[in-house]
Amino acid sequence: AVEQVSVTKGDGLGYDVLSYTQDEHELHIEVKTTTLKKDTPFLITKNELDYFQAHPDRAQIYRVFKVFSKQEVGLYTLSAQDRDRLKLDPVAFRVGLRPKG
């Protein structure tokens, strides 16, 4: 069984899809898509990254590339074993005003 939890339960869980391995263990999948090539960097939220790092036994990232292209769509997966291969660059900050005083 597969459930798109980003739709059924909301987008704040840290992953998009609930699936199961062949031995019936939960698999939590964050899906990242692009129309571009395989090595195009992608954005991931702090919540998604935190979840990926906190649940190495069940969290994976599925990178789907060449979507809507004339070439064949491609897919690769990232799991806890791939963490050393990831290059993480901070690209955004939340800005707010401090209270006066």
When (1) under 10 Å from the mean Cα position of the chain (by Cα); (2) assigned to a helix (DSSP H, G or I); (3) of a type in the set (Asp, Glu) are applied to ASP82, the one that fails is (1)
Those residues of segment 65-79 that are more than 15 Å from the chain's Cα centre (by Cα) and not in a loop (DSSP other than H, G, I, E, B) come to a total of 1
What's the number of the condition GLY10 fails, among (1) surrounded by fewer than 16 Cβ atoms within 10 Å (Cβ to Cβ); (2) in contact with an Asp or Glu (Cβ under 7 Å, 6 or more places away or on another chain); (3) part of a loop (DSSP other than H, G, I, E, B); (4) not basic (Lys, Arg)? (2)
Looking for something surrounded by 12 or more Cβ atoms within 10 Å (Cβ to Cβ) and out of contact with any strand residue (DSSP E or B) (no Cβ under 9 Å at 6 or more places or on another chain) - is there at least one such residue anywhere in segment 21-36? no
Cross-chain or 6+ apart pairs with Cβ under 6 Å, segment 77-101 first and closer than 17 Å to ALA59 by Cα, then at pLDDT 95 or above and not small (Gly, Ala, Ser): THR77/GLN60; THR77/TYR62; LEU78/ILE61; SER79/GLN60; ALA80/PRO56
Taking segment 19-46, which residues are part of a strand (DSSP E or B) and more than 18 Å from PHE68 (Cα to Cα)? SER19, TYR20, GLU26, LEU27, HIS28, ILE29, GLU30
Here's a check for you: in segment 73-92, which residue that is within 14 Å of GLN53 (Cβ to Cβ) and of a type in the set (A, V, I, L, M) is surrounded by the fewest Cβ atoms within 10 Å (Cβ to Cβ)? LEU88
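The values are calculated or read from the model by the stated rules, or taken from the named source; none is laboratory data. Bear in mind the structure is a predicted one, so any value in this text is a computation, not a measurement. All Cβ positions, glycine included, derive from the backbone under ideal geometry; neighbour counts span all protein chains shown.
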